[in-house]
Amino acid sequence: MSLKNPAALDFLQSRRSRPAKTLVAPAPNREQLLPLLTAAARSPDHGKLEPWRFVVLEIGALQRLADLTENRAAAMGKNAEEIAKARSQFDMGLLAVAVIEVQKPSEKIPAIEQTYSAGAVCLALLNAALAAGWGANWLSGWQAHDREFCKKGLGLAENERVAGFIHIATESVSPPERPRPDVSALTQWVSE
């Protein structure tokens, strides 16, 4: 039987993402970020394929991605308000980790399970950052799904896509609690 960890359970039952726009300096340095990435890499991974990787985006890279966002949005015909909103994710960032899903050929592991593993890595990284005392938020946006943005901005191959951008820095304000799902309404018990 595994050892109980009531502090971890309490954390998971009360965890709350911090809006990226409320994150301020400092952001974790490389030494502080490495344990968080190590924790995230312990996510479920059927077949031990490691169907994900990390791209750590520091301020210079975030500014480059903000400019690319503006250029791509304009080429796509988005209006000024849409451009400003999309660009702000990278303009306001101090540090973000792009979790990249890497689809790997496998006769045993379906592609969807590799996608789930990449999503699990995003949540594990988010929770590791929060547990370590940082503010963190998992964002995506249309850029994460735009092949040209992903190729030019992140150098992604055809078998790769962005699972999420995990922004990590210092929490400036504590967000209010928000309504949570009614677990009893979402749970079906089957005994036979």
(message) Based on this model, can you work out whether Ala75 counts as among the small types (Gly, Ala, Ser) and open to solvent by 70 Å² or more (accessible area, probe 1.4 Å)?
(response) yes
(message) Quick check on the range 52-62. Is at least one of its residues aliphatic (A, V, I, L, M) and free of Cβ contacts under 8 Å to residues at least 12 places away in the same chain?
(response) yes
(request) Look at Phe54 and say whether it is closer than 21 Å to Asn159 by Cα and among the aromatic types (Phe, Trp, Tyr). (result) yes
(message) Condition check: surrounded by fewer than 14 Cβ atoms within 10 Å (Cβ to Cβ), at pLDDT 95 or above and not aromatic (Phe, Trp, Tyr). Does Ile83 satisfy that?
(response) no
(request) Output the residues belonging to the range 65-116 that are under 22 Å from the mean Cα position of the chain (by Cα) and acidic (Asp, Glu). (result) Asp67, Glu70, Glu82, Asp91, Glu101, Glu113
(request) Inspect all residues belonging to the range 87-102 and state whether any of them is assigned to a helix (DSSP H, G or I), open to solvent by 60 Å² or more (accessible area, probe 1.4 Å) and within 25 Å of Phe149 (Cβ to Cβ). (result) yes
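Against the definition (in contact (Cβ under 8 Å) with a residue 12 or more places away in the chain, touching a strand residue (DSSP E or B) at 6+ places or on another chain (Cβ under 8 Å) and closer than 23 Å to Phe149 by Cα), how does Leu37 come out, yes or no?
Numbers: in contact (Cβ under 8 Å) with a residue 12 or more places away in the chain: yes; touching a strand residue (DSSP E or B) at 6+ places or on another chain (Cβ under 8 Å): yes; closer than 23 Å to Phe149 by Cα: no.
Spelling it out, it is not the case that Leu37 is in contact (Cβ under 8 Å) with a residue 12 or more places away in the chain, touching a strand residue (DSSP E or B) at 6+ places or on another chain (Cβ under 8 Å) and closer than 23 Å to Phe149 by Cα.
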(message) Given the options Leu34, Leu3, name the one that is hydrophobic (A, V, I, L, M, F, W, C), at pLDDT below 95 and open to solvent by 40 Å² or more (accessible area, probe 1.4 Å).
(response) Leu3
(request) Return the residue satisfying two criteria in turn: it lies in the range 37-61 and is under 15 Å from the mean Cα position of the chain (by Cα) and in a helix (DSSP H, G or I), and of such residues it is surrounded by the fewest Cβ atoms within 10 Å (Cβ to Cβ). (result) Thr38
(message) If I filter the range 6-31 down to residues being closer than 15 Å to Glu58 by Cβ and either out of contact with any Asp or Glu (no Cβ under 9 Å at 6 or more places or on another chain) or without any contact (Cβ under 8 Å) to a residue 60 or more places away in the chain (or both), which single residue comes out as surrounded by the most Cβ atoms within 10 Å (Cβ to Cβ)?
(response) Pro28
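Here is a yes/no grid of residues against (1) touching a strand residue (DSSP E or B) at 6+ places or on another chain (Cβ under 6 Å); (2) acidic (Asp, Glu):
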site	(1), (2)
Pro6	no, no
Glu31	no, yes
Phe54	yes, no
Gln63	no, no
Ala66	no, no
Glu70	no, yes
Glu81	no, yes
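The values are calculated or read from the model by the stated rules, or taken from the named source; none is laboratory data. Remember, it's a predicted structure, so these values are computed and weren't measured experimentally. For neighbour counting, all protein chains shown are included, and Cβ atoms are generated from backbone atoms with ideal geometry for every residue, glycine included. These accessible areas exclude ligands, DNA and RNA; they are computed on the full protein's heavy atoms, side chains included. Shrake-Rupley method; radii C 1.70, N 1.55, O 1.52, S 1.80 Å.
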